[in-house]
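Asks: Here you go, one structure.
Coordinate-derived values only; no laboratory data. The model shown is predicted, which means the values in this text are computed figures rather than measured ones. Note: ideal-geometry Cβ built from the backbone for every residue, glycine included; neighbour counts use all protein chains shown.
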Amino acid sequence: MQTFRPSGSSLKTLAVISSKGGSGKTTLSLHLAVAAEAAGRRTFIADTDPQKSAWEWRQVRSSPAPEVAVVQPAMLNRLKDGLERARFQLMIVDTAPFAGPGVLDTVRAADFTIIVARPSMLDLWSVEYSAEQVRSARGRAMFVLTQAPPRRGDKEAPALLKAAERLNTYGFPVASIGLRSRVAFSQSVGNGLTALETEPSGTAAREISRLAELVFGRLWPDSVPRNS
Ligand SMILES: Nc1ncnc2c1ncn2[C@@H]1O[C@H](COP(=O)(O)OP(=O)(O)OP(=O)(O)O)[C@@H](O)[C@H]1O
Ligand SMILES: [Mg+2]
């Protein structure tokens, strides 16, 4: 994986949102956090979802990083000050699967937001509202497609192409890298790990590493290659 040169000690906040349940917010948040730590960025996960899935993951994880805490969205700004003083460089905020005021607080506290969607119409209808929330908070965002079907030969599944086309009309770009549906993502998390750790040379690890580079490029534009 690419090693990033930190551009300073100031903390960046990344929100991961989607009003649709089960779209892959927590899986993505955990993988991005481990990718950031591997790249030398001290990372904190704020779990704002009452389901506390990220926090549960932390309970079965033996490695000391990343740190995870259950946080009320209204407390995020205060938490940022403390994390900045403790020299954290990234806070990833995992959110609840409903587009309530807490998500708006989260988006307002964030430097950048990822809106997660599976390539299905039910997800696409619901994330339009998530995009509206980011717009109303005057935030920056990108869509990331997750749990996408595999490519067949050179061909992407029609549902995936259609999803990307539709998301492109919602006012934020669609990431050129998404996550496909892969057992390595789901199985690793169940053991307090990520695919980066269970299968470091596998396809899932490559996929999340490329996506992480893209996301980190939005957060620290001066410290990653221009073509990411
Ligand atoms: N890329 C993926 N490949 C395979 N399985 C995945 C992937 N992403 C998520 N999953 C699985 O899908 C389910 C939902 O994922 P996850 O909990 O990350 O979604 P979520 O958006 O955080 O859900 P919630 O809205 O309930 O918080 C889990 O069983 C997870 O293991
Ligand atoms: Mg979740």
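Asks: If you scan region 41-67, which residues turn out to be of a type in the set (Val, Ile, Thr) and closer than 14 Å to residue 95 by Cα?
Replies: First pass over region 41-67, keeping only residues of a type in the set (Val, Ile, Thr): 43, 45, 48, 60.
Correct list: 45, 48.
Asks: Only one of 213, 207, 197 is touching a strand residue (DSSP E or B) at 6+ places or on another chain (Cβ under 8 Å), in a helix (DSSP H, G or I) and within 16 Å of residue 32 (Cα to Cα); which? It would help to see each step written out before you state the result.
Replies: Values: 213 fails: touching a strand residue (DSSP E or B) at 6+ places or on another chain (Cβ under 8 Å); 197 fails: touching a strand residue (DSSP E or B) at 6+ places or on another chain (Cβ under 8 Å).
The conditions single out 207.
Asks: In region 141-183, what residues are within 10 Å of ligand 1 (Cβ to nearest atom) and assigned to a loop (DSSP other than H, G, I, E, B)?
Replies: Matches in region 141-183: 146, 147, 178, 179, 181, 182.
Asks: Please enumerate the residues belonging to region 180-214 that are free of Cβ contacts under 8 Å to residues at least 40 places away in the same chain, surrounded by 17 or more Cβ atoms within 10 Å (Cβ to Cβ) and small (Gly, Ala, Ser).
Replies: Of everything in region 180-214, those that are free of Cβ contacts under 8 Å to residues at least 40 places away in the same chain, surrounded by 17 or more Cβ atoms within 10 Å (Cβ to Cβ) and small (Gly, Ala, Ser) turn out to be 184, 188, 204, 205.
Asks: Mind listing whichever residues of region 21-44 are surrounded by 24 or more Cβ atoms within 10 Å (Cβ to Cβ) and assigned to a loop (DSSP other than H, G, I, E, B)?
Replies: Hits for region 21-44 are 23, 24.
To keep it simple, each residue is scored yes or no on (1) in contact with a Lys or Arg (Cβ under 7 Å, 6 or more places away or on another chain); (2) more than 20 Å from residue 27 (Cβ to Cβ).
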site	(1), (2)
47	no, no
53	no, no
64	no, yes
69	no, no
77	no, yes
82	no, yes
85	no, yes
88	yes, yes
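Asks: Out of the residues in region 34-62 meeting the condition of being without any contact (Cβ under 8 Å) to a residue 40 or more places away in the chain and away from ligand 1 (no atom under 15 Å from the Cβ), tell me which one is nearest to the chain's Cα centre (by Cα).
Replies: Top of the filtered list is 37.
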